[in-house]
Amino acid sequence: MTRADDGLHYDSQTLNELSQEPCDLAAEIMKSVFTISTEVLNSGTELSAEESDAQAYAVMDLVHVSRIVLSAKPLMARKEAAALEAKITNMLISLPASCSDLFTPKSHSQFSTETMAVYEFRNVTAPDQLLRQLEKSTADLAASGAVNTALCEEAVPLITALANCGRVCPPARRYWRSKILPTLLTVRQRPEQGDTLKARLIRLMTSAHSNLASTVADFLFVLCKENAGRLIKHTGYGNAAGLLLQRGLLHGGHSAQSAEYSSDSDSDTEQYRESNVNVMTGGPEPQNQTDPFAGMTEAEKEAEAERLGELMERLEKTGVMKVMRKGDGNGSGGAGGSGGAGESGGACSN
């Protein structure tokens, strides 16, 4: 790979046939150059215009090289490239927003080929390779059954990189969203059920490995442009509650960073209204539900209501829940949970 006045040039055959030693060497060089360049740029050290430009160009070249390497599918399919792939993934955790166009350059075609993935006239081959890594990582985690700490720790940097790229690179985010969060009109079961990538990721949101769970939740939140209502539509309130609690968004709304996202028109409100999705579970509403009070007299209904009131009083006395009564302030426990669900349900339909 060489630099000329008109940019970086490389030979695809040579790149795809790299052996273990050159791959490892390239990985270490990229790691060192990226670390030095980003630390200098973020250190606050006063640089001359030429020095600042040189450091910025170094980072831009690394992003360009990263895209080229990730796009070399034959190379990425070989085990020799594992270390290089891992280093690139770690670098992308700090992908600058100014390098978004380098990571997903414009394409003259709207159609994908065997060697290039295209989405919305953008070359998304590199994001597609990261998506393939995510597919494999989540499949391995699903196959391991119990919490596999080693696999969890391997997955965290990758998903962190995906989340950061999604924040600063709109084309990559939209591409991943189209692949991971399909239209709500196709919902036939609860979002965590099945073996799709979406289902595996949503199951990981409630993983016992807390770092992995929060990282996955953050990635899905980014795909939803950090909009609480949109996240709930795709995952269900129950699965999203942990992240929403951490962000102070149990009652819906947007994160402080949501304004930074592009204003693309990827709203799914109409789909949600037509899909008959249950806000709590994220799955379809049960069909042909029977009325539990059908056939009961008014006296029997009143007796049932009194029995329910007695049960709630017993739960309150044992401290299991605190009942919110009209005129009270914000409750906690069971009553607080019910209020949160109601508010979030409203947020979902906006």
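The values are calculated or read from the model by the stated rules, or taken from the named source; none is laboratory data. This structure is a prediction, so every number in the text was calculated from the model and none was measured. When we count neighbours, we look across all protein chains shown, and the Cβ atoms used for this are built from the backbone with ideal geometry, even at glycine. We work out accessible area using only protein heavy atoms, side chains counted, and drop any ligands, DNA or RNA first. Shrake-Rupley method; radii C 1.70, N 1.55, O 1.52, S 1.80 Å.
Ordering Asn227, Leu184, Val216 by the projection of their Cα atoms onto the charge dipole of region 176-234, which places +1 on the Cβ of Lys and Arg and -1 on the Cβ of Asp and Glu, puts Leu184 at the extreme positive end. Over 22 Å between Cα atoms: which of Lys301/Lys322; Lys136/Lys198; Lys106/Lys136; Lys31/Lys136; Lys87/Lys136; Lys87/Lys179 fall into that group? Pairs exceeding 22 Å: Lys301/Lys322; Lys106/Lys136; Lys31/Lys136; Lys87/Lys179.
Semi-axis lengths, largest first, of the ellipsoid equivalent to region 135-246 are 19, 16, 14 Å, with √(5λ) applied to each eigenvalue of the Cα gyration tensor.
Given their separation in residues at 0.36 nm each and the Cα-Cα distance between them, Thr318 and Glu80 gain 79.6 nm when the chain is fully extended. Percent of C-alpha pairs per 10 Å bin in region 100-166, short distances first: 20, 40, 26, 13, 1. Applying both filters, DSSP loop and at most 12 other Cβ atoms within 10 Å, to the trypsin sites (Lys or Arg not before Pro) of region 127-188 gives Arg188. For a Förster distance of 35 Å, can you work out the FRET efficiency between the beta-carbons of Met116 and Thr149, rounded to the nearest 0.05? Using R0 = 35 Å, I get an efficiency of 0.40. Only alpha carbons enter this Debye calculation for region 39-101, each as an equal point scatterer, and the log10 of I(q)/I(0) it gives at q = 0.25, 0.27 Å⁻¹ is -1.08, -1.17. So which GluC sites (Glu not before Pro) in region 34-122 pass both tests, a DSSP loop state and at most 11 other Cβ atoms within 10 Å of the Cβ? For GluC sites (Glu not before Pro) across region 34-122 that sit outside H, G, I, E and B with at most 11 neighbouring Cβ atoms in 10 Å, the list reads Glu46, Glu114. Taking square-rooted eigenvalues a ≥ b ≥ c of the alpha carbon gyration tensor, is region 169-227 rounded, prolate or oblate, where a/c under 1.5 means rounded and, failing that, a/b exceeding b/c means prolate? Because a/c hits 1.5 or more and a/b fails to exceed b/c, region 169-227 counts as oblate.
Here the spin labels are modelled as points 7 Å beyond Cα on the Cα-Cβ line, and at Thr183 and Glu302 they lie 5.2 nm apart. Looking at region 141-210, the accessible area is 43 square angstrom per residue; that uses a 1.4 Å probe and ignores ligands, DNA and RNA.
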